[in-house]
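Enquirer: There's a structure below that I have some questions on.
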Amino acid sequence: MTDRLSALLQRFELRACVFHHGPLCGTVGFDAEAGAGHLHLLRQGTLVLTDAAGRCSRVGEPAVLFLPRPMAHRLEAEVADLVCASIDFGAGDENPLLRGLPEWLCSPLAELPGLALTQQLLFDEAAAGRCGHGAVVDRLSEVLLIQLLRHAIEHRRVEAGAMAGLADPRLAKALNAVHAEPARPWTLQSLAAVAGMSRARFAAHFARTVGVPPGDYLAGWRLALARKSLRRGQALKQVAHEVGYASASALARAFTQRFGRTPTQWLAAGVH
């Protein structure tokens, strides 16, 4: 079976930080200013999640709620037992997995038998408080989230974006290739060949499923990687070579066209 997540996980480090575990009764709010998503794992009790627009989701059974992007929300709990973690999975909208996900994803644990052992270990470790338990519960939260994303792909829980493309066996081959080798001189013909489709069928199916043409997705992926590397202080010329542009000026032109400012201006503005 094709591994549809590892290439993305290697490019965008997933970090979880558990900040609550155990009983919760009452209302607690979360803002979007911290720049992180959230994972709420409910073992028992009832939760009502309400976003800033007043939309609600009531959860009355063991479930996992994943809010992939920073979003102001509150939880109202009736003697709930849960674990809450902040999730950092790529700044802004760079990670294509996050762009394709809904504002929140709620999955009953009864539908996720593959998560049973992980969530049990997570709650047990959080309650025991042994040496190093903070690092252990953070890593277990990351494992649980990867398992949730795997389930969403395998069961086609997402209808558009990269997640939908990765759920399609033919498109997944092309997407994996692009994710693994962004610097390769990809063309519509070569991507279609990887997918085992004709150019016309591949282009139409890709756009219909992922929501953008293959060329636009490739450009977005390369520029997302470029921003990540520039943020780490790499030189523009080196970044251009790594993500598939012939020169620093070619990358700068593409960057400016997409984001409305040059790489230098973007870094100076501190919008990263």
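The values are calculated or read from the model by the stated rules, or taken from the named source; none is laboratory data. Not measured: the values here are computed from a predicted model. Cβ sites come from the backbone with ideal geometry, for glycine too, and all protein chains shown count toward neighbours. Areas reflect the complete protein model, heavy atoms only, side chains present, ligands, DNA and RNA absent. Shrake-Rupley method; radii C 1.70, N 1.55, O 1.52, S 1.80 Å.
Enquirer: Restricting attention to the range 220-236, does a residue exist that is at pLDDT 90 or above and more than 25 Å from L9 (Cβ to Cβ)?
Expert: So far as the range 220-236 goes, yes, one or more of its residues are at pLDDT 90 or above and more than 25 Å from L9 (Cβ to Cβ).
Enquirer: Restricting the range 83-115 to residues that are in a helix (DSSP H, G or I) and touching a His at 6+ places or on another chain (Cβ under 9 Å), which is surrounded by the most Cβ atoms within 10 Å (Cβ to Cβ)?
Expert: First, pick out the residues of the range 83-115 that are in a helix (DSSP H, G or I): 96-99, 109-111, 113-115.
Filter again for touching a His at 6+ places or on another chain (Cβ under 9 Å), leaving 96, 111, 114-115.
Working: P96: 25, E111: 12, G114: 12, L115: 21.
Only one residue fits best here, namely P96.
Enquirer: If a residue has to be within 23 Å of A180 (Cβ to Cβ) and open to solvent by less than 50 Å² (accessible area, probe 1.4 Å) to count, how many in the range 248-272 make the cut?
Expert: Within the range 248-272, the subset within 23 Å of A180 (Cβ to Cβ) is 250-251, 254-255, 258.
Subset that is open to solvent by less than 50 Å² (accessible area, probe 1.4 Å): 250-251, 254-255.
Number satisfying all stated conditions: 4.
Enquirer: Output yes when any residue across the range 197-205 is under 24 Å from the mean Cα position of the chain (by Cα), assigned to a helix (DSSP H, G or I) and at pLDDT below 95, and no when none is.
Expert: Within the range 197-205, none of the residues are under 24 Å from the mean Cα position of the chain (by Cα), assigned to a helix (DSSP H, G or I) and at pLDDT below 95.
Enquirer: Please enumerate the residues belonging to the range 183-215 that are without any contact (Cβ under 8 Å) to a residue 12 or more places away in the chain, aliphatic (A, V, I, L, M) and closer than 18 Å to M163 by Cα. Spell out the reasoning first.
Expert: Within the range 183-215, the first condition is being without any contact (Cβ under 8 Å) to a residue 12 or more places away in the chain, and the residues that meet it are 187, 189-190, 193, 198-201, 204, 207-208, 212-213.
Cutting the leftovers down to aliphatic (A, V, I, L, M) gives us 193, 200, 204, 207, 212.
Listed by number, the residues that qualify are A204, A207, V212.
Enquirer: Quick one: would you say A80 is of a type outside the set (F, W, Y), at pLDDT below 85, farther than 24 Å from I153 by Cα and touching a strand residue (DSSP E or B) at 6+ places or on another chain (Cβ under 8 Å)?
Expert: On the way: of a type outside the set (F, W, Y): yes; at pLDDT below 85: no; farther than 24 Å from I153 by Cα: yes; touching a strand residue (DSSP E or B) at 6+ places or on another chain (Cβ under 8 Å): yes.
Answer is no for this residue.
Enquirer: Separate question: What's the number of the condition L148 fails, among (1) more than 18 Å from the chain's Cα centre (by Cα); (2) closer than 24 Å to E13 by Cβ; (3) in contact (Cβ under 8 Å) with a residue 60 or more places away in the chain?
Expert: (1)
Enquirer: Applying the selection to the range 131-147, what residues are assigned to a helix (DSSP H, G or I) and either surrounded by fewer than 21 Cβ atoms within 10 Å (Cβ to Cβ) or of a type in the set (D, E, K, R) (or both)? Steps first, please.
Expert: Our first condition is that a residue be assigned to a helix (DSSP H, G or I); within the range 131-147, this holds for 133-147.
Scanning the range 131-147 gives H133, G134, A135, V136, D138, R139, E142, V143, I146, Q147.
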